[in-house]
1. Suppose the chain between residue 95 and residue 172 were pulled fully straight at 0.36 nm per residue; how much longer would it get relative to their current alpha carbon spacing?
2. Using a Gaussian network for the chain with springs between C-alpha atoms less than 10 Å apart, which of these wobbles most: 115, 251, 197?
3. In Å³ and rounded to a whole number, note down the convex hull volume per residue for the Cα atoms of region 1-40.
4. Starting from the Kirkwood Rh over alpha-carbon pairs, what translational D in µm² s⁻¹ does region 130-214 have by Stokes-Einstein at 4 °C and 1.567 mPa s?
5. For the pair residue 108 and residue 72, how long in nm is the line joining their label points, each one 7 Å along Cα→Cβ?
6. Between region 151-228 and region 7-78, how far is it from one alpha carbon centroid to the other, in angstrom?
7. Per the helix-only calculation at 222 nm, which mean residue ellipticity applies to the chain, given -39500 (n - 2.57) for every DSSP H run of n ≥ 4 and division by its residues, nearest 500 deg cm²/dmol?
8. Rounded to the nearest 0.05, what FRET efficiency is calculated for residue 181 and residue 82 with R0 set to 30 Å and r the Cβ-Cβ distance?
């Protein structure tokens, strides 16, 4: 069986805006530049849309010398790459990770806009954050993504869900990295290994979903699609949509590549 890759997406800053691309490299962490930056609070704990839905309004881009964060009413916040020099231990879920931080003065305007003090940090190439060995019992790094290097979703699965919702939602609610055009809803649940562009991937765990999927265009938390998903997509992992992947090698993947199930 084979299916077409229709979108490739990455998120320079955890919980901030997405960037869609036609092709991208896979590195030791997953998709290159995916969630290598993150906002932390005064306790060095990660900040996300779960508790601060307004982050959904922020876009992020990687310029030649700076990470740039923008939003209506905020203006432009620049974070020079060469200013990430302070060693900081940060908390993301159950992990404590040694990373690089930039002085809080660079995020002063962003903190005021968000209404809470935040600071930007960066995960350097030297960082080690091991994926959960209960699901992948080999050495494998992951960036500031919640748990695994990549997330795969299927447009047929979204179509199935939207057929049950009063108001359809876009795939962006699920923040995938790779979107494929399948011919059957949730067929990805039964896959164990796939290949894209010569790179082999293991499907290691269904992706349990949180309240971030309910944040609408107004930046408000709601009930859907979690309420509907819970009625038919709940299992021992939670309410699930999409599959977490681990890549078995580096390489390049492209929109239009074929995903082959093996």
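FYI, it's all coordinate maths here, none of it is from the lab. From a predicted model like this one, the values you see are computed outputs, not experimental measurements. Don't worry about glycine lacking a Cβ; one is built from the backbone with ideal geometry, like all the others, and counts go over all protein chains shown.
1. Values: separation 77, 0.36 × 77 = 27.72 nm, distance 2.64 nm.
Additional length available on full extension: 25.1 nm.
2. In this elastic network of the chain, the residue with the biggest mean-square fluctuation among 115, 251, 197 is 115.
3. Cα convex hull per residue, to the nearest whole number: 91 Å³.
4. Values: Rh = 14.3 Å.
The calculation lands on 91 µm²/s.
5. Simple spin-label model gives 2.8 nm for this pair.
6. Answer, in whole Å: 20.
7. Values: 3 runs with 20 residues, N = 262.
That calculation yields -2000 deg cm²/dmol at 222 nm.
8. Taking R0 as 30 Å, the efficiency between residue 181 and residue 82 is 0.15.
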